[in-house]
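*Asks:* Have a look at this one.
The values are calculated or read from the model by the stated rules, or taken from the named source; none is laboratory data. Being a predicted model, the structure only gives us computed values, none of them experimental. Every residue, glycine among them, receives a Cβ derived from its backbone with ideal geometry; neighbour counts consider all protein chains shown.
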Amino acid sequence: MQKKINRRSFVTHTVLSSAGLLLKIQGVQENSGSFANASLHKENEPALMKEVMKYRKIDSHAHVYFSADSPASQIDFADRLGIERLVISRNLEPFSGGTPEEFRRCNDLVIQCMKAYPNRFLGTMVLNPTYREASLEEIKRCVDAGMVGAGELYNQVKINDPAFYPIIEKFIDLKMILLMHSAIGRSRVVLDAGEPPNISLPEDFVEIAARYPEAMFQFAHTAGGIDWEYACKALANSPNVYVDISGSNNEAGMIDFALRHIGEDRLLFGCDNSFYQGVGHMLAANLTEIQRRKIFFDNYNAILKKSGRHVD
Ligand SMILES: [Zn+2]
């Protein structure tokens, strides 16, 4: 069970932790490696937030929920961190059958949220290729409603399953990206037996990306808990697979490693609802100014530009 934590104290704590990190980056505090000096943190808090707010950001992996505090809570976090746009979806549940009724209900929520915050949310749709006709109809309905891609697709069908072919071909025509979930949490090195069947693995992305070089795929959350070193190496030579660095398992050096294998043009900033971590590990990574701008904003906006649905 998780201990309930007051949000203000959570925010303060997290900002201060990140401030410690930033001091480390800037070399302000070289000695002892201890960042427990709260007064030092407080003095530097404005500098940290100035750094945070300096960058335009598109969160390429965001969600909305069937709960009373959503989507206001996601907007609140985004406001605090200068995230201009959030690419939202409501994914199907991992072990659900993913019927047309279920995916339409998820997409309806996203459409509602897009209407409530038209300048903040970019919607993406979920579907289930098992239901081919219903999925193709749903693509049309969602694109007409202003959505910008597919995602976060779940484990109902693997991304490289032939059932996905007509869906992927449709997205090639639309010049839009497909975001597919991958293993999370317990699957650090060896795939956990508790992962749902048909979960898409890095090698599945490699295979489908080679079959459809014109398509664009987004490999979900390297910080989701998968073996990210393996994932980055596996995807190194798949130029049409973008890799989002969202998630709640942010090990040190992950972005630096991803940068070496994936390169600065295929990495996408994202939070997957771990907002402070998502921004914090970007600032902690060894990125140039240009690389920060690309990953925070430009790379995803270039994807949107292909369908003419980019941010000005
Ligand atoms: Zn996911």
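*Asks:* Looking at (1) assigned by TED's automatic domain parsing to the domain that holds residue 297; (2) in a helix (DSSP H, G or I); (3) of a type in the set (D, E, K, R), which is the one condition that is false for residue 45?
*Replies:* Condition not satisfied by residue 45: (1).
*Asks:* Kindly list the number of the only condition in (1) within 17 Å of residue 124 (Cα to Cα); (2) touching a residue at least 12 places away in the same chain (Cβ under 8 Å); (3) among the small types (Gly, Ala, Ser) that fails for residue 210.
*Replies:* For residue 210, the failing item is (1).
*Asks:* Considering only residues that are more than 24 Å from residue 50 (Cβ to Cβ) and assigned to a helix (DSSP H, G or I), which ones fall in region 260-283?
*Replies:* Of everything in region 260-283, those that are more than 24 Å from residue 50 (Cβ to Cβ) and assigned to a helix (DSSP H, G or I) turn out to be 260, 261, 262.
*Asks:* For region 216-230, enumerate the residues that are crowded, with 22+ Cβ neighbours inside 10 Å and either within 13 Å of the ligand (Cβ to nearest atom) or assigned to a loop (DSSP other than H, G, I, E, B) (or both).
*Replies:* Across region 216-230, the qualifying residues are 218, 219, 220, 221, 222, 223, 224, 226.
*Asks:* So which of 263, 278 ends up being small (Gly, Ala, Ser) and crowded, with 21+ Cβ neighbours inside 10 Å?
*Replies:* It is 278.
*Asks:* Can you tell me how many residues in region 163-215 are of a type in the set (A, V, I, L, M), over 28 Å from residue 310 (Cα atoms) and either outside the structural domain of residue 274 (by TED's automatic domain parsing) or assigned to a loop (DSSP other than H, G, I, E, B) (or both)? Show your work before the answer.
*Replies:* So the first thing to find is which residues in region 163-215 are of a type in the set (A, V, I, L, M), and the list is 163, 167-168, 172, 174, 176-180, 183-184, 189-191, 193, 199, 201, 206, 208-210, 215.
From what's left, over 28 Å from residue 310 (Cα atoms): 163, 183-184, 189-191, 193, 199, 201.
Cutting the leftovers down to either outside the structural domain of residue 274 (by TED's automatic domain parsing) or assigned to a loop (DSSP other than H, G, I, E, B) (or both) gives us 183-184, 189-191, 193, 199, 201.
Going through region 163-215 one residue at a time, the tally reaches 8.
*Asks:* Of all residues in region 81-103, how many are under 19 Å from residue 300 (Cβ atoms) and buried (at least 22 other Cβ atoms within 10 Å of the Cβ)?
*Replies:* 6
*Asks:* Just checking, does region 127-139 include any residue being within 16 Å of the ligand (Cβ to nearest atom), assigned by TED's automatic domain parsing to the domain that holds residue 239 and farther than 23 Å from residue 85 by Cα?
*Replies:* yes
*Asks:* Testing residue 284 on (1) within 15 Å of the ligand (Cβ to nearest atom); (2) touching a residue at least 40 places away in the same chain (Cβ under 8 Å); (3) surrounded by fewer than 22 Cβ atoms within 10 Å (Cβ to Cβ), one condition comes back false. Which one is that?
*Replies:* (1)
*Asks:* Let me spell it out: the conditions are (1) over 17 Å from residue 239 (Cβ atoms); (2) touching a Phe, Trp or Tyr at 6+ places or on another chain (Cβ under 8 Å), and residue 168 meets all of them except one. Which number is the exception?
*Replies:* Of everything listed in (1) over 17 Å from residue 239 (Cβ atoms); (2) touching a Phe, Trp or Tyr at 6+ places or on another chain (Cβ under 8 Å), residue 168 misses just condition (1).
*Asks:* Continuing with the same structure: When you scan region 231-257, how many residues do you find that are of a type outside the set (A, V, I, L, M), in a loop (DSSP other than H, G, I, E, B) and within 16 Å of the ligand (Cβ to nearest atom)?
*Replies:* Restricting attention to region 231-257, the residues satisfying the condition of being of a type outside the set (A, V, I, L, M) are 232-233, 237-240, 242, 244, 246-251, 253, 256-257.
Narrowing further to those that are in a loop (DSSP other than H, G, I, E, B): 237-240, 246-251, 253.
Then drop every residue that is not within 16 Å of the ligand (Cβ to nearest atom), which leaves 246-250.
Summing the residues that are of a type outside the set (A, V, I, L, M), in a loop (DSSP other than H, G, I, E, B) and within 16 Å of the ligand (Cβ to nearest atom) in region 231-257 gives 5.
*Asks:* Then there is this: Within region 288-310, does at least one residue satisfy the condition of being assigned to a helix (DSSP H, G or I) and within 16 Å of the ligand (Cβ to nearest atom)?
*Replies:* No, region 288-310 has no match at all.
*Asks:* A further question follows. Scanning region 149-191 for residues that are farther than 20 Å from residue 270 by Cα and among the aromatic types (Phe, Trp, Tyr), which turns out farthest from the ligand (Cβ to nearest atom)?
*Replies:* Result: 165.
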